[in-house]
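The structure appears below as structure tokens.
The values are calculated or read from the model by the stated rules, or taken from the named source; none is laboratory data. Everything quoted here is computed from the prediction, not taken from an experiment. Cβ placement follows ideal geometry from the backbone for every residue including glycine, while neighbour counts extend to all protein chains displayed. Note: areas computed on protein heavy atoms with side chains; ligands, DNA, RNA excluded. Shrake-Rupley method; radii C 1.70, N 1.55, O 1.52, S 1.80 Å.
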Amino acid sequence: KNEVEQSPQNLTAQEGEFITINCSYSVGISALHWLQQHPGGGIVSLFMLSSGKKKHGRLIATINIQEKHSSLHITASHPRDSAVYICAVEGGGGSQGNLIFGKGTKLSVKP
Amino acid sequence: NAGVMQNPRHLVRRRGQEARLRCSPMKGHSHVYWYRQLPEEGLKFMVYLQKENIIDESGMPKERFSAEFPKEGPSILRIQQVVRGDSAAYFCASSGEDISGANVLTFGAGSRLTVL
């Protein structure tokens, strides 16, 4: 069993839909990261959180430490949101930056 | 602020040659991390460096791979005697504390190594 599990693996949505991507982890963590990998391969850090909730524009990330679960929400989705979204955890005995990555969720938003 | 700069973006090597990948962190960042993404696989941590120090190399293969971050100049990931299995995208990230004290990561665009 992977230490970081994401669901769904693939997600297709219509423009405007509300999207949720889930991440569960099995190790103790100091922080959880949500990353976006564009079709061209570049990676952007969306959020780093260790508790509660963060919001940036149409993106919202939440984390429940007790349940070892995080969600990434996209409101009013747009085709430009199409990308792979990756959950990664930090901690679990490792140093900072020693991330354990999920396999990613491939999101495709249709116009 | 040009962000994290990686070069080359694409590198082709024949089996047995050496590959050198360079990473210049964001201005003001003193922590550098290297990650590898094999084809059709997820990202994996390789190494964490600060200037002139390797902090955590627990993800580095035991042979042929080395990394440095000298006092002056970029961080270098060096792969000796490359094999086809080294073909991957290698991402560098750097971090420095934001106003909340958190170490937020900024990624480079990656270097794609192809071994023929």
> Can you work out the FRET efficiency for the pair A:His78 and A:Ser50, with r the C-beta to C-beta distance and R0 = 25 Å, to the nearest 0.05?
Replying inline: 0.30
> Are there GluC sites (Glu not before Pro) in region B:1-97 that DSSP marks as loop and that have at most 13 other Cβ atoms within 10 Å, and which are they?
Replying inline: B:Glu18, B:Glu40, B:Glu41, B:Glu52, B:Glu63, B:Glu72
> Considering lysine pairs in region B:1-97 that are 8 or more places apart or on different chains, how many have Cα atoms under 19 Å apart?
Replying inline: 4
> Peptide A:97-107: average number of partner chain Cβ atoms within 10 Å per residue?
Replying inline: 5
>> Tell me the accessible surface of A:Thr12 in square angstrom (1.4 angstrom probe, heavy atoms of protein chains only), to the nearest ten.
In response: 90 Å²
> Restricting the count to DSSP beta bridges whose residues both fall in chain B, what percent are antiparallel, rounded to a multiple of 5?
Replying inline: 90 percent
> Each residue of region A:34-42 in order: what ³J(HN,Hα) in whole Hz does its phi give by Karplus 6.51 cos²θ - 1.76 cosθ + 1.60, θ = phi - 60°, with x for Gly and Pro?
Replying inline: 10, 10, 10, 10, 6, x, x, x, x
>> Below 24 Å, Cα to Cα, which lysines can A:Lys53 reach? Residues fewer than 8 away in the same chain don't count.
In response: A:Lys68, A:Lys103, A:Lys106
>> Could you derive backbone 3J(HN,Hα) for region B:68-83 from the dihedral phi with the Karplus parameters 6.51, -1.76 and 1.60 (θ = phi - 60°), listing whole Hz in sequence and x where the residue is Gly or Pro?
In response: 8, 9, x, 4, 10, x, x, 6, 10, 9, 10, 10, 8, 6, 4, 10
>> For A:Lys54, give me every one of the aspartates and glutamates with a C-alpha distance below 17 angstrom, ignoring sequence neighbours fewer than eight places off in its own chain.
In response: B:Asp98
>> If the elastic network links every pair of Cα atoms under 10 Å, which of A:Glu15, A:Glu90, A:Glu67 fluctuates the most in the Gaussian network model of chain A?
In response: A:Glu67
> In whole Hz, what ³J(HN,Hα) sequence does region B:84-95 give by Karplus (6.51, -1.76, 1.60; θ = phi - 60°), x for Gly and Pro?
Replying inline: 4, x, 7, 4, 5, 9, 10, 10, 10, 9, 10, 8
> Once amide H atoms are placed 1.01 Å from N in the peptide plane, what residues at a sequence separation of 5 or more from B:Gly96, or on another chain, have their amide H within under 5 Å of its amide H?
Replying inline: B:Val104
> Counting trypsin sites (Lys or Arg not before Pro) as exposed when in a DSSP loop with at most 14 other beta carbons within 10 Å, what is the longest stretch of chain A free of them?
Replying inline: A:2-57
